[in-house]
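What follows is a set of notes on a single structure, which appears directly below.
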């Protein structure tokens, strides 16, 4: 539909004087939709027309539509039962101007709209002529914002793992614990000493343990018959550190060395001394 000619005809025929302002806005919105689809048969939804006209309720829209129907500007088919948008057919005011021109002059205008007005899907001649001999290329429109694929956020780059030098205190203490474990069990699985050094760093830096004390605790746990079977990693050493240190200090108070196994803490007397009665008297034993 030729939107400019229809608007000109709308004012030449003095249609604003016959319609309310709301009906005028609705008619212009319908012309706009018809011009975009190149068809006089259109099916715009009520929300779309209300958005284009500023009409706020359906009752006002229905009233404006009835005004257009009464003066034969449009034809309307309601599809409410099928829950589809109603069908509009724009009759076209330019036809009335052509009829008046023919009655007054007996001639047909050169640009008569009879060949395209009211023909669904047929473009006006001036648009068709522009595409003659040209290749029509459909350019895809970018998707709407709500249809665009939302890319998941990228994971933040991982920090490089800290590598402890073999001469570092954390690495040396980890190696010391491993040597003690291997002395008790040569078949023990070899660990990743850098990971052990990370846990040892937590013992020294976060838990604020003195390196000399850590070494003594390692000596105690790996000489004790119970703990040497349970403390097989730096992580386990950190978990049980306080308990190990308390046990170590108790053993020191009782006079036993932290490096002496529990099984050998009983005093060992020579067999000859047991048989020697003078030995028992000297020791004050009965």
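For a quick check: sort 68, 193 by the number of other beta carbons within 10 angstrom, fewest at the front.
Least crowded to most crowded, the residues run 193, 68.
Would you list 224, 242 from fewest to most Cβ contacts within 10 Å?
By the 10 Å Cβ count, ascending: 242, 224.
Give the share of C-alpha pairs in each 10 angstrom bin for segment 179-245, from 0 to the last occupied bin, in whole percents, shortest bins first.
Going out from 0 Å in 10 Å bins, segment 179-245 shows 21, 57, 22, 0 percent.
Taking other Cβ within 10 Å of each residue's Cβ, how do 11, 176, 171 sort, fewest first?
Starting with the residue having the fewest Cβ neighbours, the order is 11, 176, 171.
Each value in this text was obtained by applying a stated rule to the coordinates, not by laboratory testing. Small disclaimer: the values here were computed from a predicted structure and weren't measured. With ideal geometry, Cβ positions are generated from the backbone for all residues, glycine too; neighbour counts draw on all protein chains shown.
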